[in-house]
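Take a look at the structure below.
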Amino acid sequence: MKTYLAVFTGTQESRKKSGWDDLAEDDRKAREQKGIKAWGEWMRRHAGDLAFPGAPLGKTTFVSNDGVSEISNALSGFVVIKAESKEAVAEKFLNHPHFTIFPGDGVEIMECLPIPGA
């Protein structure tokens with residue numbers, strides 16, 4: 001089994017494209033409840049594959065040789081999954097509520113590689 005980091009992404013463009021902000025407040029709340037339920041079902045269905053259940057992500061602080069600054073990016077959440085292949089992980093995210101109900105862009109999947117020399 002390999003370990004994969006799956007990062008949920010979302011942008012202002014995906015939010016606009018989804019029409020999320022154009023929904024009436026009651027419709028948006030209903031969609032949120034539907035999305036939360038569907039997300040929970042996804043988590044239960046894949047509980048045996050989750051190495052770490054992850055979490056939503058907050059605002060980003062960037063640290064470099066130039067110091068510390070606040071930035072924005074498309075990262076909105078993550079989970080860590082164990083699977084035989086990246087393709088097997090990708091299959092788990094087809095039709096995920098992050099982008100079928102909520103206004104997310106998609107999910108980026110990366111293998112967590114061993115640390116060289118460790």
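The values are calculated or read from the model by the stated rules, or taken from the named source; none is laboratory data. As the structure is a computational prediction, the values presented were derived from the model and not from experiment. In this analysis, Cβ positions are derived from the backbone assuming ideal geometry, glycine residues included, and neighbour counts consider all displayed protein chains. Accessible surface areas use protein heavy atoms only, side chains included; no ligands, DNA or RNA. Shrake-Rupley method; radii C 1.70, N 1.55, O 1.52, S 1.80 Å.
Just give me the residues in the range 90-107 being in a helix (DSSP H, G or I) and either open to solvent by 70 Å² or more (accessible area, probe 1.4 Å) or in contact with a strand residue (DSSP E or B) (Cβ under 8 Å, 6 or more places away or on another chain) (or both), in sequence order.
Quick first cut of the range 90-107, residues in a helix (DSSP H, G or I) only: 90-93, 97-100.
Selection gives Ala90, Glu91, Lys92, Phe93, His98, Phe99, Thr100.
Looking at the range 4-37, which of its residues are assigned to a helix (DSSP H, G or I) and open to solvent by less than 50 Å² (accessible area, probe 1.4 Å)?
First pass over the range 4-37, keeping only residues assigned to a helix (DSSP H, G or I): 12-18, 20-22, 25-37.
Correct list: Ser14, Ser18, Trp20, Gly35.
Which condition from (1) in contact with a strand residue (DSSP E or B) (Cβ under 7 Å, 6 or more places away or on another chain); (2) among the basic types (Lys, Arg); (3) free of Cβ contacts under 8 Å to residues at least 40 places away in the same chain is the one that Lys82 breaks?
Unmet condition: (3).
State yes or no: is Lys82 touching a helix residue (DSSP H, G or I) at 6+ places or on another chain (Cβ under 8 Å), open to solvent by 70 Å² or more (accessible area, probe 1.4 Å) and under 25 Å from Thr3 (Cα atoms)? Before the answer, list the steps.
Working: touching a helix residue (DSSP H, G or I) at 6+ places or on another chain (Cβ under 8 Å): yes; open to solvent by 70 Å² or more (accessible area, probe 1.4 Å): yes; under 25 Å from Thr3 (Cα atoms): yes.
Here the answer is yes, as Lys82 does meet what is asked.
Looking at Glu87 and the list (1) more than 27 Å from Asp27 (Cβ to Cβ); (2) open to solvent by less than 40 Å² (accessible area, probe 1.4 Å); (3) not in a strand (DSSP E or B), which single condition is not satisfied?
Glu87 satisfies every listed condition except (2).
Cβ contacts < 7 Å: first residue on the phi > 0 side of the Ramachandran plot, restricted to the range 14-27; second residue open to solvent by 100 Å² or more (accessible area, probe 1.4 Å) and in a helix (DSSP H, G or I), any location; separation 6+ or different chain. Result?
Pairs that qualify, where the first residue is on the phi > 0 side of the Ramachandran plot and the partner is open to solvent by 100 Å² or more (accessible area, probe 1.4 Å) and in a helix (DSSP H, G or I): there are none.
Conditions (1) at pLDDT 95 or above; (2) small (Gly, Ala, Ser); (3) over 19 Å from Glu111 (Cβ atoms), marked per residue:
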| position | (1), (2), (3) |
| --- | --- |
| Asp21 | no, no, yes |
| Asp26 | yes, no, yes |
| Gln33 | yes, no, yes |
| Arg44 | yes, no, yes |
| Ala47 | yes, yes, yes |
| Thr60 | yes, no, yes |
| Gly67 | yes, yes, yes |
| Phe78 | yes, no, no |
| Lys86 | yes, no, no |
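Could you list all residues from the range 94-118 that are over 11 Å from the mean Cα position of the chain (by Cα), more than 23 Å from Gly19 (Cα to Cα), modelled with pLDDT of 95 or more and not acidic (Asp, Glu)?
Residues satisfying the conditions are Met110, Cys112, Leu113.
Within the range 50-72, track down each residue that is assigned to a strand (DSSP E or B), loosely packed, with under 11 Cβ neighbours inside 10 Å and not small (Gly, Ala, Ser). Give the derivation first.
Let us first name the residues in the range 50-72 that are assigned to a strand (DSSP E or B), namely 50-56, 60-64, 67-71.
Filter once more, keeping what is loosely packed, with under 11 Cβ neighbours inside 10 Å: 55-56, 61, 63-64, 67-71.
Answer for the range 50-72, where residues must be assigned to a strand (DSSP E or B), loosely packed, with under 11 Cβ neighbours inside 10 Å and not small (Gly, Ala, Ser): Pro56, Thr61, Val63, Val68, Glu70, Ile71.
Only one residue in Gly117, Gly77 is part of a loop (DSSP other than H, G, I, E, B) and either open to solvent by 50 Å² or more (accessible area, probe 1.4 Å) or touching a residue at least 40 places away in the same chain (Cβ under 8 Å) (or both). Which one? Walk me through it before giving the result.
Working: Gly77 fails: part of a loop (DSSP other than H, G, I, E, B).
The conditions single out Gly117.
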